[in-house]
There are 2 protein chains.
Amino acid sequence: MSLDRQQRLWTTTCHQQFSTIFSLLRLKNLTGQKKLFQLYQVPLYRPIKMASTSFHDPEVVKFLDKAFEIIKEESLQKGTDNKYPVVDFQQPKDLESLLDTEISSEPATHDQLLDALKKIIQYSVKTGHPHFMNQLYGGLDPYSQVGAWVTPTLNTNLHTYEVAPAFVILERYIYKKMLALVGFEHGEGLFCPGGTASNIFALHLARFNKFPDVRKNGIYGMKPLRMYTSDMAHYSLKKGALYLGLGTDNVVTINTDDRGHMITSELERCIKEDLEKGFVPMYVNATSGSTVLGSFDDLTAISEVCKTYNLWLHSDACWGGGTLLSRKHRHLMKGSHLCNSIAWNFHKFSGTPIQSSAFLLNDPSGNLMEEANSTKAEYLFQPDKYYDASYDIGDKTVQCGRSVDIVKLWMQWRGLGDSGMEAKIDLAYDKAHYLTEKLKITEGFKMVLPEFECTNISFWYIPKRLRGKVEDDGWWQEVNDVAPKLKERMMKAGTLMIQYQALSTKGYANFFRVVIVNQHVNYSDMDFVIEEFERLGHDL
Amino acid sequence: MSLDRQQRLWTTTCHQQFSTIFSLLRLKNLTGQKKLFQLYQVPLYRPIKMASTSFHDPEVVKFLDKAFEIIKEESLQKGTDNKYPVVDFQQPKDLESLLDTEISSEPATHDQLLDALKKIIQYSVKTGHPHFMNQLYGGLDPYSQVGAWVTPTLNTNLHTYEVAPAFVILERYIYKKMLALVGFEHGEGLFCPGGTASNIFALHLARFNKFPDVRKNGIYGMKPLRMYTSDMAHYSLKKGALYLGLGTDNVVTINTDDRGHMITSELERCIKEDLEKGFVPMYVNATSGSTVLGSFDDLTAISEVCKTYNLWLHSDACWGGGTLLSRKHRHLMKGSHLCNSIAWNFHKFSGTPIQSSAFLLNDPSGNLMEEANSTKAEYLFQPDKYYDASYDIGDKTVQCGRSVDIVKLWMQWRGLGDSGMEAKIDLAYDKAHYLTEKLKITEGFKMVLPEFECTNISFWYIPKRLRGKVEDDGWWQEVNDVAPKLKERMMKAGTLMIQYQALSTKGYANFFRVVIVNQHVNYSDMDFVIEEFERLGHDL
């Protein structure tokens, strides 16, 4: 530690001590009891050494300024620049020593902290980089970043208007916009900690809506409640079933057609079968933009079945919900207004920083969330408040504190405008279309589907030695084994990040899936993807 | 919109278009099919107008710099300065118009956005202000702030090592430190979205641990599982019971002694009674630092009962867990190593930005979380990875994506050192002690308990006209009515934020609860609290 830093620490300490002595003297004067002063002198007047944490300390201000410059240059600028790698991959054991994680008893110096900050950035994946197309998120914009930075400085949570007035107002405004896009007439909104949390919350509300006594009594002694979802759906319904005590065996998987859409007649057949067996059909999860193939289930057709059998219809639009922002592509969500609930992650298609998971509820009763969840804690939700307590939304959730996710989305939306939010979606589609067409006509690539409904584009890469050969089981096994090897080369080169996976329900061997969400991805990046696959993989 | 801005927008658009044409020409050359080019010219070559989002654009850089200055000066500096108010309170309807929330079709200008940022800060509660003592959180430090700012720039989630290598390593390191403090020999850690989420997750694991078939089959047909918690405990166990399908009626409330501790003999009596009734006792929630009175249940004594009846012992140490960082105060958590699980929120006592909720599990089997939760999604958890897949932790949770909460805590801990993390706790206790003693000897204040185990200090404020009167029911009713009125005056003055609540299980009328966590609270602020109550409330 530098002497300067040491001195600064002790200055803070001394200040603390003087304040203590001063206060004690005041306490003594007030009481006139010398004894009390003596009593407190011992526990309070001891040396407490602490790094300065005052935002008025010039050294701290210097530290903040330098940290901001590092974040701006190393993470935002280099991290979105093609000239730099998307990842500096290290094996876990190596990274443990490279990162210099060790925390000691003494404070680190500001220089050590700034150095650690640089290392964290260096060894993190640059998800805003144009060559990160690995996950259903990616891309950064300045407006949502500023929203994300201001949030921890106003460090609060969203359970009451009292502690989060501005955030409550911003949330209500954004919910209204979302609900209008979805078409819910009696809508309510809530940000959840991730898409899976939204999907589980929907399941919980559906159960309470049908069987309100569950809240008090649990589900003991009931007939098994059945849930339906397609074989292309996200695993979160299974997580919901195991979490809410409903059992994964009660999740019925519905077959999909060759483009990955739930077959509605199959859904109806399974419901009827369950009714005959004495089960209680309760819930249908429609997928709007499936994780792997990007398919959109037909909400209108499914809602007809749900109406007939009185089932809750939830749309998992975590990925595909973004299409609602685009006049050109929102037809994919046709029938959204017929759902009971929708989960829509803005951190996916819109690139808002993680997490930005909206849960939207169509609730004519207006108090389902409240009735299902409220516990009326005396210490938070006082009946005798000095403002309209309907702005206190904390009791509508299963959480207590809830993190403030709204500012980044509101700043982004205001910064880009409706037209910019729309353009992000349209541009992603245009580029995905270009990539699809180019892959189709390039040797060594084989498409998983002839067209994709979303901007995740799936294909097999065929190295030179396997091209033009008979596509028998042995051939497919070899194609399957190419993906992990090529992925490893890609990561070690650090030039490109693209996910691969098998799809066993369709019998597909490992294939690659390029995801396009980042507005900084250009057409030339698409060309680069194809060239880089060939450069890294041709000899595999 | 300024002309400059307009031009910039169109420049971006044009760049986009040239890139498009260029790529299309390349596509044409590659295929030699003129038709393809024409086909794509129409959908791609259309004017898409979008605000610049490039971090290399000098205008954007200027915007970021200005935004950072505003955040630093308005939120961090003024927001922690006694010279400025802790809140500029506005009624919801007024705030709706003051905030200028409206989003239009067109992008906002940078000036409009910066102005909006200022307004968000102005009308938000300054939880880092020394006079915010309203919730079990508060206080800001520069180190955790920098950790919070860098996180969204590296925007990712924590399901796999592949996309979050540095964050996985930092988490593992911090878990080890926490587990050592708690004393779990076979420990695992996980950050959850809030303390309630941690508490519900614990309940889920306890159920799976005892009845692994629940995962597949649900809890239909089982005898009701019983959960025990004190009448001082947080409501999250009830939320867990209603969420996991267990029913709130199966949460048994155990009486507390006059200091708010669960009476262990009462716990045992209730368990025996339940066994006789044919229920299945499963889970005890011990509270380590209760929300209102700050009491710590006796973990050692409760663990004896749990051992006898084979029950899961969970410690809700969301609030009181911070004492583990202090050699002086950790005796309050004595017996923590005997628990099966612990929830510990660093955003409470340690002032890490929200959310920083650690869940700690004592699991000799080493795979309880995995067995309870994994769904082995093919698209994320490939068996053929190029690194040690045990670093992929996503499948151990009920979430899919999980927000990166680690950097802010790691930076804070490294920035302050173990000694600084300890000092924060010790200083808070010293100040709470001072306030308690001073309140005891000041006219107009009546303590709810003679001593407090944590740094939330509860008292009734007695305005002048009620002092020295007989404390009958009518008198208590009047004291009860003082709190909301005084609170309203406080909020409108904007000088102080302190929570009030009743405690009906103990028959207590509305009382105030000062919470001390912020390291920037000085002894003079404590004096101010007392003076301000008297100034605002003496005539009530």
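Using Cα positions and a limit of under 22 Å, work out the lysines in reach of A:Lys238, with same-chain residues fewer than 8 apart set aside.
Result set, ordered by chain and number: A:Lys210, A:Lys223, A:Lys272, A:Lys277, A:Lys348, A:Lys506, B:Lys210, B:Lys216, B:Lys239, B:Lys376, B:Lys396.
Got a sec? What order do B:Asp257, A:Asp231, B:Asp405 fall in by accessible area at 1.4 Å, biggest, i.e. largest, first?
Result, largest first: B:Asp257, A:Asp231, B:Asp405.
In whole angstrom, note down how far apart the Cα centers of the range A:273-339 and the range B:260-289 are.
44 Å
Below 12 Å, Cα to Cα, which aspartates and glutamates can A:Lys62 reach? Residues fewer than 8 away in the same chain don't count.
A:Asp111
Any idea what the dipole of chain B comes to, in debye rounded to 20, about its Cα centre with Lys/Arg Cβ at +1 and Asp/Glu Cβ at -1?
Dipole of chain B, to the nearest 20 debye: 1280 debye.
Specify whether the C-alpha gyration tensor of chain A places it in the rounded, prolate or oblate class, a ≥ b ≥ c being the square roots of the eigenvalues: rounded for a/c under 1.5, otherwise prolate if a/b is larger than b/c and oblate if not.
Judged from the Cα gyration tensor, chain A comes out oblate (a/c at least 1.5, b/c at or above a/b).
Per-residue ellipticity at 222 nm for chain A, helices alone: DSSP H runs ≥ 4 residues times -39500 (n - 2.57), over residue total, nearest 500 deg cm²/dmol?
-14000 deg cm²/dmol
Which aspartates and glutamates have a Cα less than 20 Å from the Cα of B:Lys438, not counting those fewer than 8 places away in the same chain?
Straight-line reach from B:Lys438, under 20 Å: B:Asp426, B:Asp430, B:Glu451, B:Glu453, B:Asp525, B:Asp527, B:Glu531, B:Glu532, B:Glu534.
Among rounded, prolate and oblate, which fits the range A:108-198 when a ≥ b ≥ c are the square roots of the eigenvalues of its C-alpha gyration tensor, a/c under 1.5 means rounded, and a/b larger than b/c means prolate?
Cα axes put the range A:108-198 in the oblate bin.
Over what distance in Å are the Cα centres of the range A:472-497 and the range B:215-243 separated?
Here the two parts' Cα centres lie 46 Å apart.
Mind listing the label-point distances from A:Glu304 to the same position on all other copies, shortest first, one decimal in nm, points 7 Å along Cα→Cβ?
6.8
With every protein chain kept in place and ligands, DNA and RNA left out, what is the accessible area per residue of the protein assembly as shown? Probe 1.4 Å, answer in Å².
Heavy-atom accessible area per residue stands at 33 Å².
Roughly how crowded by other chains is peptide A:55-67, in terms of the mean Cβ count from those chains within 10 Å of each of its Cβ atoms?
4
Post the alpha-carbon centroid distance, the range A:58-95 to the range B:405-467, in whole angstrom.
Here the two parts' Cα centres lie 38 Å apart.
What is the helix-to-structure angle for A:195-210, meaning the angle in degrees between its Cα long axis and the longest Cα principal axis of chain A, kept from 0 to 90 and rounded to the nearest 10?
Helix A:195-210 sits at roughly 80 degrees to that axis.
How long are the three semi-axes of the equivalent ellipsoid for the range A:414-537, computed from the Cα gyration tensor as the root of 5 times each eigenvalue, in whole Å, largest first?
28, 16, 13
Evaluate peptide B:297-309: per residue, the Cβ atoms of other protein chains within 10 Å of its Cβ; return the mean as an integer.
Other-chain Cβ atoms within 10 Å of each residue's Cβ, averaged: 0.
Considering only protein heavy atoms, what is the solvent-accessible area of B:Val305 at a probe of 1.4 Å, reported in Å² to the nearest 10?
10 Å²
At 0.36 nm per residue, and after removing the present C-alpha to C-alpha distance, how many nm does the segment from A:Ser365 to A:Tyr84 gain when stretched out fully?
95.8 nm
For the range B:170-403, what class follows from the C-alpha gyration tensor (a ≥ b ≥ c being the square roots of its eigenvalues): rounded when a/c is under 1.5, otherwise prolate if a/b is larger than b/c, else oblate?
The shape class here is oblate.
Computed over the Cα atoms, what is the radius of gyration of the protein assembly as shown divided by 2.2 N^0.38 Å, N being its residue count?
Dividing the Cα radius of gyration by 2.2 N^0.38 Å gives 0.93.
Given a 1.4 Å probe and heavy atoms of the protein chains only, how would you sort B:Asp65, B:Asp94, largest accessible area at the top?
Descending order: B:Asp94, B:Asp65.
Carbon and sulfur atoms: what percent of the 1.4 Å accessible area of the protein assembly as shown do they account for?
Heavy-atom surface of the protein assembly as shown belonging to carbon and sulfur, 1.4 Å probe: 52 percent.
Once every Cα of the range A:308-440 carries one equal point scatterer and solvent is ignored, give the base-10 log of I(q)/I(0) from the Debye formula at q = 0.20 Å⁻¹, two decimals.
-1.25
With every protein chain left in place and a probe of 1.4 Å, what is the accessible surface of A:Ser97, to the nearest 10 Å²?
We get 90 Å² for A:Ser97.
What nm value, rounded to one decimal, do you get for the distance between B:His186 and A:Lys376 when each label is placed 7 Å out toward the C-beta?
4.4 nm
Mind putting a number on the dipole of the protein assembly as shown about its Cα centre? Charges go on the C-beta only, +1 for Lys and Arg and -1 for Asp and Glu, and I need it in Debye to the nearest 20.
400 debye
Once the whole set of protein chains is in place, how much accessible area is left on B:Leu427, using a 1.4 Å probe, in Å² to the nearest 10?
10 Å²
Kindly express, to the nearest 10 degrees and within the range 0 to 90, the angle between helix A:473-493's C-alpha long axis and the longest C-alpha principal axis of chain A.
For helix A:473-493, the angle is close to 30 degrees.
In whole Hz, with x marking every Gly and Pro, tabulate ³J(HN,Hα) for the range B:179-193 from phi via Karplus 6.51 cos²θ - 1.76 cosθ + 1.60, θ = phi - 60°.
5, 5, 5, 6, x, 7, 7, 10, x, 9, x, 7, 7, 10, x
The values are calculated or read from the model by the stated rules, or taken from the named source; none is laboratory data. This one's a predicted model, so the numbers in the text were calculated from it and none came from an experiment. When we count neighbours, we look across all protein chains shown, and the Cβ atoms used for this are built from the backbone with ideal geometry, even at glycine. The accessibility values were calculated without ligands, DNA or RNA, using every heavy atom of the protein model including side chains. Shrake-Rupley method; radii C 1.70, N 1.55, O 1.52, S 1.80 Å.
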